[in-house]
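Single-structure report; data block below.
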Amino acid sequence: MRIIRFSARDGRVLLGEDHADGAATVLLDADGVLGPRQEDLARREILRGKRALIADDDEGIRHTISETLGRLECECTICKDGEEAIRAIGERELDVVVSDIVMPYHDGYEVFAAAKQRSDKLAVVLITGFGYDPNHTIVRACNQGCEEVLYKPFTPQKLIEKVSDAIRTSSNGLWKPLVRGTERLPAGQRLAPLAPRDILCVGRNYGDAEAAGDLELFMKPRSSVQDPGGPIVIPAGEGDPDVDCEGELAVVIGTTAREVAESDALDHVLGYVAANDVTARRWQRGDASLAWMRGKGFDTFCPIGPAIVTRDELPDPGVLEITTSINGEVVRRGRTSQMIRPVGRLISEISRLITLHAGTLLLTGTPPRVASASAGGLRPGDEVCVEIEGIGKLVNPVAEP
């Protein structure tokens, strides 16, 4: 899938699956990782057609839950105590169990245990009224895999939130998936396809592997993100800022990665995108980390695009050609097979240092400069193109402030 972010004619900013005819099928991301939050629509899609068991000895609570979920086209099985709930869990195919903790015959923890014994993919939401819990039911259940806890009193919206989150977490592990909507719209203005949580960048990752030292890692601020086609703005000030551009393969982290093995690292990838690590060398010079940050961190200094290509379409990120051109002249060229640390190894090594949360953008390093390329930094009026095999072209003009 090719994922784009775009503005529709009515002003909405949407996430979509890109199509060759310039249209996009709207995608909904309940996490807000890839684009604007579309919670209500996404949760309706997640709950539609699901099979829920509701267990509570309070008739009013049972009615509220079943009515709320029923309006979202959930099929509800209603139980008035723990004994009925455990029997129904053994007899029915279910997607989620919503159970009070204090009930006759069997309590909520026993209902939770029966659900997980039936299937570890069966989501459970436990309900509590903040009362004294001598058996530490909530703590025990959460430590053993209970997905969500709902506290009384609750609103219908909070119920929907907890139940949909529990289903997503249990059925899909760490990654909470995109939901394909029904709207197909003209793509309109294309935006950076990712609103990244963090932007991590790897330095010196191409060249002589034997001479490679420790992993070189730095960050760009989120404010440096620029859209495909948006201008790279030369910072104002006296003297030549000596602005350079470096096209790179960037990885979009899809599931949180912490201390992962290299063999499992690519399982945490949502997809790949082209990125341009723009630097004002004048501001970067010096050993101080603040100088380095300033040179890398100006607004518009991290264009990304044109689309996120999901991992299923690019199963091997180690065979891609990357070129960076200025006004049609190739200034940098290389293949990801030249990386000192391939993508899987990078994710593994970095995850041992810091947690890579879903939505993190990881720039994997810059291919070498073409020896015959013209010297000199970017100037207003220039056009920069980063092209990556299998992903496409990221094109940005250069402009004055």
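The values are calculated or read from the model by the stated rules, or taken from the named source; none is laboratory data. Remember, predicted model here, so these are calculated numbers, not experimental data. Glycine gets a Cβ as well: all are built from the backbone with ideal geometry, and neighbour counts include every protein chain shown. What goes into the accessible areas is simple: the full protein's heavy atoms, side chains included, and nothing from ligands, DNA or RNA. Shrake-Rupley method; radii C 1.70, N 1.55, O 1.52, S 1.80 Å.
Details
- Accessible area, probe 1.4 Å, largest first, for residues 263, 348: 263, 348
- Here the Karplus curve 6.51 cos²θ - 1.76 cosθ + 1.60, taken at θ = phi - 60°, turns the phi angles of segment 193-204 into couplings of x, 9, 9, x, 6, 9, 10, 9, 10, 9, x, 6 Hz, with x standing for Gly and Pro.
- Here the 3J(HN,Hα) profile of segment 225-230, calculated from phi with Karplus coefficients 6.51, -1.76 and 1.60 at θ = phi - 60°, is 5, 10, 6, x, x, x Hz, Gly and Pro shown as x.
- Gyration tensor (alpha-carbon) shape descriptor, the chain, a/c threshold 1.5: prolate
- Solvent accessible area, Å² - residue 162, 1.4 Å probe, full protein context: 40 Å²
- Rounded to the nearest 10 square angstrom, residue 345 shows an accessible area of 80 square angstrom against a 1.4 Å probe.
- Taking amide H atoms as placed 1.01 Å from N in the peptide plane, the amide H of residue 360 lies under 5 Å from those of 197, 198, 253, each 5 or more residues away in sequence or on another chain.
- Distance between modelled label sites at residue 91 and residue 218, nm, 7 Å Cα→Cβ extension: 6.6 nm
- Based on Cα contacts under 8 Å between residues 6+ apart, the chain shows a relative contact order of 17 percent.
- Taking each DSSP H run with n ≥ 4 as -39500 (n - 2.57) and averaging over every residue of the chain yields -6500 deg cm²/dmol at 222 nm.
- Three-way shape label, segment 248-339, alpha-carbon gyration tensor, a/c 1.5: oblate
- Partners of residue 121 within straight-line reach, counting lysines whose Cα lies under 30 Å from its Cα and excluding those fewer than 8 residues away in the same chain: 50, 80, 152, 158, 162, 176.
- Note on the chain: GNM, Cα springs under 10 Å; of 306, 196, 104, the largest mean-square fluctuation is that of 104.
- Tensor-based shape of segment 312-366 (alpha-carbon gyration tensor, a/c under 1.5 rounded, otherwise prolate or oblate): prolate
- GNM remark for the chain: springs join alpha carbons under 10 Å apart, and the peak mean-square fluctuation among 241, 231, 315 falls on 315.
- Accessible area per residue, Å², the chain with all protein chains present, probe 1.4 Å: 45 Å²
- When nucleic acids and ligands are ignored and a 1.4 Å probe is applied, residue 103 ends up with an accessible area of around 20 Å².
- Helix axis angle, 343-353 relative to the chain longest principal axis, alpha carbon, degrees: 70 degrees
- Normalised by the number of residues in segment 64-138, the mean separation of alpha-carbon contacts (under 8 Å, six or more apart) gives a relative contact order of 28 percent.
- Note on the chain: with neighbouring protein chains present and a 1.4 Å probe, carbon and sulfur make up 48 percent of its accessible heavy-atom surface.
- Our coupling estimate for segment 318-333, obtained by passing each phi through the Karplus curve with A = 6.51, B = -1.76, C = 1.60 and θ = phi - 60°, is x, 10, 9, 8, 10, 10, 10, 10, 10, 6, x, 8, 6, 10, 9, 8 Hz, Gly and Pro reported as x.
- Within a Gaussian network of the chain (alpha carbon springs, distance under 10 Å), most fluctuating of 165, 316, 100: 316
- The amide H of residue 24, built 1.01 Å from its N in the peptide plane, has 185, 187 as neighbours under 5 Å, considering only residues 5 or more places off or on other chains.
- In summary, the convex hull built on the alpha carbon positions of segment 52-114 has an orientation-averaged projected area of 3.6 nm².
- A cut-off of 5 Å between modelled amide H atoms, ignoring neighbours fewer than 5 places along the same chain, links residue 232 with 398, 399.
- In degrees, nearest ten, helix 59-71 long axis to first principal axis of the chain (Cα): 40 degrees
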